[in-house]
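The values are calculated or read from the model by the stated rules, or taken from the named source; none is laboratory data. These figures come from a predicted structure and were not determined experimentally. Glycine also receives a Cβ, built like all others from the backbone with ideal geometry; neighbour counts cover every protein chain displayed.
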Number of protein chains: 2
Amino acid sequence: MRVVITGGAGFLGTRLAREILRRGRLTDARGNAQPLRELVLVDIVAPVESADPRVRSIVGALDDRSIVDAVLTPDTDSVFHLAAVVSAEAEANFDVGMRVNLDATRNLLERCRTLNAPPKFVFASSLAVFGGRLPDPVPDDAPVTPRSSYGTQKAVGELLLNDMSRRGFIDGRALRLPTIVVRPGKPNRAASSFASGIIREPLAGVEAVCPVAPETRMWLQSPGAVVDNLLVGHESRSADLPMFRAINVPGISVAVREMIDALRDVAGADVAERVQWRFDPVIDAIVATWPSRFDARIGSALGMRADADFSGIICAHIAEAGRA
Amino acid sequence: MRVVITGGAGFLGTRLAREILRRGRLTDARGNAQPLRELVLVDIVAPVESADPRVRSIVGALDDRSIVDAVLTPDTDSVFHLAAVVSAEAEANFDVGMRVNLDATRNLLERCRTLNAPPKFVFASSLAVFGGRLPDPVPDDAPVTPRSSYGTQKAVGELLLNDMSRRGFIDGRALRLPTIVVRPGKPNRAASSFASGIIREPLAGVEAVCPVAPETRMWLQSPGAVVDNLLVGHESRSADLPMFRAINVPGISVAVREMIDALRDVAGADVAERVQWRFDPVIDAIVATWPSRFDARIGSALGMRADADFSGIICAHIAEAGRA
């Protein structure tokens, strides 16, 4: 197998790469388990160095077709497309979002048509494709009427992936990821960035700002579960996928207040008190359009899993931060 | 008002232009009725010559940004975007469909951001955005899971139009048109082309082929009603539009057998017998994915209208063919 991860220098790409290297084999589009021959990490910054001889890194932007051609060589078997401009950034800078979230996705998909065989294509979509009035919980086939440019660009990616799958150009799977907590490192320009920040910073002795109301509910998943679910999405048999290949990934629905209650339970009141409430209408306006409860029926049937509870997510973060 | 019609040399664009010239005024994005100053018809072939001093024609392809820049001058008030590659052609030639149905639409939308003021943008979408298992009748907010490249490209256009409307770049309105019958002229590469052919050709003394089963139902509208409905879409107040600005246009649901029965009633058995049944699995596969009954609640509330019955559609065609 030659496997490509876009956004391979990012936190999720790095974790996914580590897990694929550990497994050492994946199922190809013909349904056969194959050893990993090459794992290509592409990103606009250099990925973490790896001593593993199977890893190859490419630095470049995927809205440039020559980079896409170099990344997706004809013998590529699988693509995990994680590279994206995050929600608040795509809202603040429309052109950057269109270029990275739409043009790069289309370039990758179109390049796939020229490969030796149609590759598996796992697309990191998002719950942000949903917006407006929706059933609660949101089923896989709910209407897609996004209320952000980020959600719009992801929804376009889902449509193109589906059409190209239907035509046999790729074997595509769009997975609508929950908000991932706890992300390590620094805050980013995702509107959901605070959801990691209000856990990560207090645990590190730093104050953190919560820009939304305590009642705001979010659909959450730990990094470890997301990586497992991306791989379930990859390994699933075509025959088990729905006609429209966009799948709600299981998660847990947690109110921001419950997140901080769990932090207090796990790490103590002094840690939890490092969270400052400072309402930000711009962030709140984006987060409030995202539904917070999903009926992830198809994903669950495929074997995707949700975390057991939010305390477990915090504990996993503490354990990993300790190892890092 | 400076008004642009893309696909302005086509049958629908020509009719729409005639009606706009006749009315002489339209409502601008600020809600004020304004006299028509200039009507620009753009197409890849030259439009019908017009003696009207308000009409200007531009020949060029809209996947070329320099043409788009020339067409959408900064003082443009309204765009009717009708230009498209039809369904069977977009299915047969993926790249042409992407270029014309997606790139050209995006070029137009993006150019609108640079105008003096956000223009009204009426986008001819299609019932082909729908596919797969759907409620019957199909409501405006049914899930959009197209089963053709044409439908996919139109659905992407709807998403982009909505996001740009939300951001205030345009005042967009996507209208999902029914299948238009009776189109004059020659068959085209729309999968639905036969629906006009089985009426038009027999009336002209020519045999016509019906490639789908007699039970196949279609959602139909006469050219005159479509033009009126495009103008209702344009004239509607922003405040009356749904949050997601994609609207099912009212139509009538007619089985192919009923269409031919009506032809027999109107024009006689000898005319109706000029229809040959020759099943074409490629055409049938596309047409069969289109729903045939819609709950066009929003469009009806805005004042859009359906034809009274199919006999009336045939009679209107006969009357017009006689005038031509």
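Worth a mention:
- When A:Phe80 is tested against (1) in a strand (DSSP E or B); (2) farther than 21 Å from A:Gly168 by Cα, just one condition goes unmet, and that condition is (2).
- Complete set of residues in the range A:1-41 that are outside any strand (DSSP E or B), more than 14 Å from the chain's Cα centre (by Cα) and of a type in the set (Val, Ile, Thr): A:Ile20
- Some residue of the range A:135-146 being of a type in the set (Val, Ile, Thr), surrounded by fewer than 24 Cβ atoms within 10 Å (Cβ to Cβ) and out of contact with any Leu (no Cβ under 7 Å at 6 or more places or on another chain): yes
- Residue in the range B:147-167 that is within 14 Å of chain A (Cβ to nearest Cβ), over 28 Å from B:Asp69 (Cα atoms) and in a loop (DSSP other than H, G, I, E, B) present: yes
- Index of the failed condition, A:Gly131 passing every other in (1) modelled with pLDDT of 95 or more; (2) facing chain B (nearest Cβ under 10 Å): (1)
- Filtered by the rule that a residue be touching a helix residue (DSSP H, G or I) at 6+ places or on another chain (Cβ under 7 Å) and either in contact (Cβ under 8 Å) with a residue 24 or more places away in the chain or hydrophobic (A, V, I, L, M, F, W, C) (or both), the range B:263-282 gives B:Leu263, B:Asp265, B:Val266, B:Ala267, B:Val271, B:Ala272, B:Arg274, B:Val275.
- Any hit, the range B:120-128, residues being at the interface with chain A (Cβ under 10 Å from one of its Cβ atoms) and at pLDDT 95 or above: no
- Only residues that are within 23 Å of B:Asn229 (Cα to Cα) and either surrounded by fewer than 22 Cβ atoms within 10 Å (Cβ to Cβ) or away from every other protein chain (no Cβ under 14 Å) (or both) were counted in the range B:168-186, giving 12.
- Residue within the range A:196-210 that is more than 14 Å from chain B (Cβ to nearest Cβ), crowded, with 24+ Cβ neighbours inside 10 Å, under 23 Å from A:Ala142 (Cβ atoms) and in contact (Cβ under 8 Å) with a residue 60 or more places away in the chain present: no
- Identity of the residue in the range B:233-242, surrounded by fewer than 20 Cβ atoms within 10 Å (Cβ to Cβ) and either touching a residue at least 12 places away in the same chain (Cβ under 8 Å) or under 22 Å from B:Pro291 (Cβ atoms) (or both), that ends up nearest to the other protein chains (Cβ to nearest Cβ): B:Pro242
- Condition check for B:Ala92 on (1) within 10 Å of another protein chain (Cβ to nearest Cβ); (2) at pLDDT below 95: one failure, at (1).
- Filtering A:Ile67, A:Ile58 for residues that are surrounded by fewer than 24 Cβ atoms within 10 Å (Cβ to Cβ), assigned to a helix (DSSP H, G or I) and more than 12 Å from chain B (Cβ to nearest Cβ) leaves a single hit, A:Ile67.
- Scope the range B:42-55; condition outside any strand (DSSP E or B) and surrounded by 19 or more Cβ atoms within 10 Å (Cβ to Cβ); matching residues: B:Pro47
Condition check ((1) in contact with a Leu (Cβ under 6 Å, 6 or more places away or on another chain); (2) not hydroxyl-bearing (Ser, Thr, Tyr)) across all residues:
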| site | (1), (2) |
| --- | --- |
| A:Val3 | yes, yes |
| A:Arg15 | no, yes |
| A:Arg18 | no, yes |
| A:Asp43 | no, yes |
| A:Thr76 | yes, no |
| A:Ser87 | no, no |
| A:Ala90 | no, yes |
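- Selection count where residues are β-branched (Val, Ile, Thr) and surrounded by fewer than 20 Cβ atoms within 10 Å (Cβ to Cβ), scope the range B:217-226: 0
- A:Ala104 being more than 8 Å from every other protein chain (Cβ to nearest Cβ), assigned to a loop (DSSP other than H, G, I, E, B) and either out of contact with any Phe, Trp or Tyr (no Cβ under 8 Å at 6 or more places or on another chain) or modelled with pLDDT under 95 (or both): no
- Criterion (within 14 Å of chain B (Cβ to nearest Cβ) and charged (D, E, K, R)) met by exactly one of A:Arg245, A:Arg278, A:Arg274: A:Arg245
- Evaluation of A:Thr179 against the conditions (1) on the phi < 0 side of the Ramachandran plot; (2) out of contact with any Ser or Thr (no Cβ under 6 Å at 6 or more places or on another chain) shows that the sole unmet condition is (2).
- Sub-7 Å Cβ pairs linking a first residue in the range A:104-121 that is farther than 20 Å from A:Glu235 by Cβ to a second residue that is basic (Lys, Arg), at least 6 apart or interchain, are A:Asn107/A:Arg65, ordered by first then second residue.
- Screening the candidates B:Ala285, B:Ala301 for the property of being within 14 Å of chain A (Cβ to nearest Cβ), assigned to a helix (DSSP H, G or I) and loosely packed, with under 15 Cβ neighbours inside 10 Å yields one hit, B:Ala285.
- Yes/no for B:Val212 being of a type in the set (A, V, I, L, M), touching a strand residue (DSSP E or B) at 6+ places or on another chain (Cβ under 7 Å) and not in a helix (DSSP H, G or I): no
- Screening A:Arg189 on (1) over 16 Å from the mean Cα position of the chain (by Cα); (2) of a type in the set (D, E, K, R); (3) away from chain B (no Cβ under 14 Å) shows it passes everything except condition (1).
- Residue check for B:Leu220: under 23 Å from B:Asp295 (Cβ atoms), touching a residue at least 24 places away in the same chain (Cβ under 8 Å) and in a strand (DSSP E or B): yes
- Residues that are at the interface with chain A (Cβ under 10 Å from one of its Cβ atoms) and either among the hydrophobic types (A, V, I, L, M, F, W, C) or assigned to a strand (DSSP E or B) (or both), drawn from the range B:134-146: B:Leu134, B:Ala142, B:Val144
- Total residues in the range B:104-133, condition under 24 Å from B:Val86 (Cα atoms) and surrounded by fewer than 17 Cβ atoms within 10 Å (Cβ to Cβ): 2
- All conditions in (1) within 13 Å of another protein chain (Cβ to nearest Cβ); (2) touching a residue at least 60 places away in the same chain (Cβ under 8 Å) hold for A:Thr76, with the sole exception of (1).
- Among the residues making up the range A:27-59, those that are small (Gly, Ala, Ser) and without any contact (Cβ under 8 Å) to a residue 60 or more places away in the chain are A:Ala33, A:Ala46, A:Ser50, A:Ala51, A:Ser57.
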